[in-house]
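Undergrad: Here's a structure for you.
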Amino acid sequence: MKVLDLLNNYEGIIMDVDGTACNASKEKTGLKKMLLAPVYPILKAGVTMPTDIEKLMKIQAKLAGVSKKHFINGAEEFLAELQSVGFPTGFATSMQSYLIQNYSVDLSEHVDHIVTGDMVKKNKPHPDMLFAMCDMMKLNPEQVVMVGDSRDDAEAAKRAKIDFYIMRNKSFAHQLADMRKYAKGELDSFADIGVGR
């Protein structure tokens with residue numbers, strides 16, 4: 001039995017990227033965290049970085065190979081199925097756009113819209129990027145659903161009044177209790193979402 005009956009209840013779907021639909025290669029993850037740790041609080045706060053810091057991060061990202069991403073949780077097949085029926089899809093990620101553009105997976109080929117952290121005033125848990133995504137889809141918040149794996153995803157969806165489903169992720173298992181306060185359900189993979197009418 002499917003946890004979420006998508007097409008019969010919603011007009012669009014918004015997904016987080018890292019940990020929900022994509023993951024970095026395991027050998028690169030530790031190095032990425034080490035390199036980005038000094039500036040991560042700045043990104044998290046949604047502060048626009050000075051150009052020199054952005055340039056440094058781009059160099060670090062290339063040197064570390066942090067762009068090596070692959071789909072997880074059956075996301076690639078799920079998105080292909082939605083594309084075949086013309087169902088609106090989008091990725092909402094706090095990552096900066098240049099990092100997304102350097103992914104080994106071209107995310108833009110798999111979804112209709114992408115909103116990154118540098119495209120909005122404030123990142124998740126603020127709802128700005130979810131509102132921006134709704135605008136792109138030309139849908140109201142109550143017409144879409146969000147799938148994410150973190151407390152920030154759940155909080156952003158709650159503030160935007162968008163239904164939220166948890167994609168279980170061991171990295172954020174300690175946040176499950178907080179996410180469950182708002183979530184309508186939990187998924188182990190995108191195969192738990194029904195896409196038939």
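Only the coordinates and a few stated rules stand behind these numbers; no lab work does. Just so you know, these numbers come straight off a predicted model, no measurement behind them. Cβ coordinates were reconstructed from backbone atoms using ideal geometry, including for glycine residues, and neighbour counts include every protein chain displayed.
Undergrad: Just checking, how many residues over region 145-162 are out of contact with any helix residue (DSSP H, G or I) (no Cβ under 6 Å at 6 or more places or on another chain), closer than 22 Å to I72 by Cα and not small (G, A, S)?
TA: Looking only at that region, the number is 4.
Undergrad: Further, regarding this structure: Is at least one residue of region 153-166 in contact (Cβ under 8 Å) with a residue 12 or more places away in the chain, closer than 19 Å to A80 by Cα and among the aliphatic types (A, V, I, L, M)?
TA: Checking region 153-166: not a single residue is in contact (Cβ under 8 Å) with a residue 12 or more places away in the chain, closer than 19 Å to A80 by Cα and among the aliphatic types (A, V, I, L, M).
Undergrad: Where in region 63-156 are the strands (runs of 3 or more DSSP E), entirely inside, with at least 2 residues that are buried (at least 16 other Cβ atoms within 10 Å of the Cβ), of a type outside the set (A, V, I, L, M) and on the phi < 0 side of the Ramachandran plot?
TA: Details: elements: 69-71, 89-92, 113-115, 144-148.
Filter on region 63-156 gives 69-71, 89-92.
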